[in-house]
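Nothing in this text is a laboratory measurement; each read-out follows from the coordinates by a stated rule. Computed from a predicted model, the values in this text were never measured in an experiment. We place every Cβ from the backbone using ideal geometry, glycine too, and count neighbours over all the protein chains shown.
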Amino acid sequence: MNKRELLADFAHKKYGFFEDASVQVCEWNKKSLRGQGNCYKQDFYGADTISCHQIAPTTFWCNNSCVFCWRPKEYMKGTPKKTADPKKMIEALIEERRNLISGFGGHDKVSKETYSRARESRHWAISLSGEPTLYKKLPELISLLKKRKGTETVFLVSNGQNPKMLQKLWSESKKAKSENENSLPTQLYISMVAPEEKLWKGITLNREKGGWKKYLRSLALLKLLPCRTVIRLTVIKGMNDSKETQEKFAELLEAVQTDFIEVKSYMWLGLSRKRLTAENNPSHEYTKDFALSLLKRMPSYKFESEKANSRIALLKNKGSKYKTKIIERN
C-alpha cells in the first residue's frame, strides 16, 4: 500500500489531514454531541470529551507493529521524511475537525450551544495513529497547544521507544517562563503490553535495535517527570494474562510508580481482527478482575474507578500528589 492508497484509506475512515498529521472524531466524541455519554477520560480526569481533538503528528509511522493494533500497522514503517510546521498543523487540524463535525450542526439531538462547544478545542489527545514522539517538533507542538486560548488539557500517548524525546520534553519545559508554555503534556501515557522482553517482542513486533532497553529507560523516567504519568496496560486474553505474567506485571508496575494505571481490555476492532480472534477480547468483568488481581501484589496502589462500556479500570498511586480529576465537570 503506497502513500496515496493510505491517505485514501484513512480518509474513508473519516480522518482529516494536514500533510502527514491527522485528526479524527471518535465515537465517544460523537456520542457526547448527541448527549449519549462521555469518554472515560472525562469521567476519570475531567478532560472535555465534546471538544476533544484526537490528533497524530506522524500518522503513518511507528516503531512498533503491535498485533492488537486496529490500524494498518503493516505499512507503518520507517521514520517521517519531513516535519510539518506545528503552528500551521494546529490551525489546519482544527479546521479539518470542524469540517468533520459540520453535519452535527443540523442534527435534531444537538443544540446550538452543544455544537458551538464541540467546535472549541479544550482537550487535545496526541494519540490517534503512529508514534507521536517520532515528530521532531513535539516540544514546540505541545507548548503551542498549551498556550492556545481555550486549551485545558493536553494528553500524550507513547509506546516508550523514544526516551530521548521524553527527556527533550522535560529539558525544554525547564526553559518555559510559565506552565502555559511548558512542553510537557498535562498527562503522559506509556503503553504496556508485557512485563518482560520475549513476550513484549512477540506482541509489539518492535523494529528498534535495543527496543526493550529503550522501553525500560522510558519507564524509568516516569517517576522523575514533573507531570501526571499513566501506564495504559492492555489486557489481551490468552496472550498476556496468565498468573505468572500478572505477577511480573505487578512487580514492574510497583517499580515504575506512575500516578495512575489504566487496565484496559483489548478491543477486537479494525485490522486487528485479521491477526487475533474475538476470544482475545476480554469482557469488562474479566479486565476488572485482572486489575484487582494486580492490586493484591501492589501495595502502592488502590482501586480508583471504572467504566464498564469502555472495559477499563483505573488504579491510583496512594502517594500521588495529583487529584484524579484535573477539572470538575457536571
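Points to keep in mind about this one:
- Positive-end residue, segment 139-247 charge dipole about Cα centroid, Cβ charges, pick of Ile142, Leu233, Trp212: Ile142
- Only helices enter this figure: runs of n ≥ 4 DSSP H residues, each worth -39500 (n - 2.57), summed and divided by the residues of the chain, yield -10000 deg cm²/dmol at 222 nm to the nearest 500.
- Of Glu328, Glu285, Glu91, Glu262, the sequence from fewest to most neighbouring Cβ atoms within 10 angstrom is Glu328, Glu285, Glu91, Glu262.
- Segment 177-330, Cα convex hull volume normalised per residue, Å³: 149 Å³
- Stretch gain in nm, segment Ser178-Glu247, where the contour uses 0.36 nm per residue and the Cα spacing is subtracted: 20.7 nm
- With an a/c value of 1.5 or above and a/b not larger than b/c for the gyration tensor axes a ≥ b ≥ c computed over the alpha-carbon atoms, segment 188-238 is described as oblate.
- Derived value for segment 32-109: Kirkwood hydrodynamic radius 15.5 Å. Basis is the mean of 1/r over every pair of different alpha-carbon atoms.
- Across Pro185, Pro57, Pro86, mean-square fluctuation computed from a Gaussian network of the chain (C-alpha pairs under 10 Å connected) peaks at Pro86.
- Restricted to Cα atoms, the chain shows a radius of gyration and a Dmax of 18.9, 54 angstrom.
- Given charges at beta-carbon only (K, R positive; D, E negative), |dipole| of the chain in Debye: 560 debye
- Spatially proximal lysines relative to Lys316 (Cα-Cα < 17 Å; intrachain offsets below 8 disregarded): Lys41, Lys223, Lys264, Lys288, Lys296, Lys302, Lys307, Lys325
- A Förster radius of 45 Å combined with the Cβ-Cβ distance from Glu95 to Ala255 puts the calculated FRET efficiency at roughly 0.55.
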